[in-house]
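Right, one structure below, let's go through it.
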Amino acid sequence: MQEQWEQVAHTPDATDDLGERLGQVLRPGDVVLLSGPVGVGKTHFAKAVARGLGVRSEVTSPTFTIVGEYEGRISFVHMDLYRLYQDPDDVAAQLSDDILIGIGFDDYFDGSRAVLIEWPQGVRQCLDGYLDISMQPLATGERVLQVKAVGASARERMKEWVGGWA
Ligand SMILES: Nc1ncnc2c1ncn2[C@@H]1O[C@H](COP(=O)(O)OP(=O)(O)OP(=O)(O)O)[C@@H](O)[C@H]1O
Ligand SMILES: [Mg+2]
């Protein structure tokens, strides 16, 4: 089964298309990690995922709140962990148990919600299965999305998501 996939999003609309189609297949318990530099389009993608999930209210960047929860076809949780790091560019940074308890991190992984996390490097090790998406800018200004599925459930979801693309 396919475990890695890569796609160039030539425009913001192309990113919307990818995000909406992911939102259409996400199920309760799914976890999506979204990495990439400041301003690459992570929140843009997250908003599209929310639309695909049927969320009608405005998804705001949760930079100051850390976590936002929205109701759609299923519950959608959007986290932005940026502010929790001393150095957000340190890809090896870990977040302490105290910090995670402070935001009620574990409560969101009860299997009843789909969770998308921007700046996930500090929690990757705490999680079992997830779609690991890296979004990077190309010199041309386009974005490339590299997707890795970790765990059987994520592999299944990736197949449902990208099966439509060649
Ligand atoms: N191909 C593309 N895909 C997504 N966004 C794009 C693309 N090309 C340009 N953009 C623009 O890049 C900007 C991305 O902003 P966004 O807030 O989504 O970034 P971010 O990765 O969430 O940043 P931060 O790390 O600060 O949270 C938007 O203004 C969006 O329109
Ligand atoms: Mg963002």
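Note on region 64-108: residues that are within 16 Å of ligand 2 (Cβ to nearest atom) and within 21 Å of LEU53 (Cβ to Cβ) total 11.
Pairs linking a residue in region 19-46 that is of a type in the set (Lys, Arg) to a residue that is part of a helix (DSSP H, G or I) and more than 13 Å from ligand 2 (Cβ to nearest atom), with Cβ atoms under 7 Å and 6 or more positions apart or on different chains, are ARG21/GLY52; ARG21/TRP161. Residues of region 1-16 that are surrounded by fewer than 16 Cβ atoms within 10 Å (Cβ to Cβ), in contact (Cβ under 8 Å) with a residue 24 or more places away in the chain and not polar (S, T, N, Q): MET1, GLU3, GLU6, VAL8, HIS10, PRO12.
Filtering region 140-166 to residues that are surrounded by fewer than 14 Cβ atoms within 10 Å (Cβ to Cβ) and at pLDDT below 95 leaves THR140, GLY141, GLY163, GLY164, TRP165, ALA166.
The values are calculated or read from the model by the stated rules, or taken from the named source; none is laboratory data. Bear in mind the structure is a predicted one, so any value in this text is a computation, not a measurement. Positions of Cβ are backbone-derived with ideal geometry, glycine not excepted, and every protein chain shown enters the neighbour counts.
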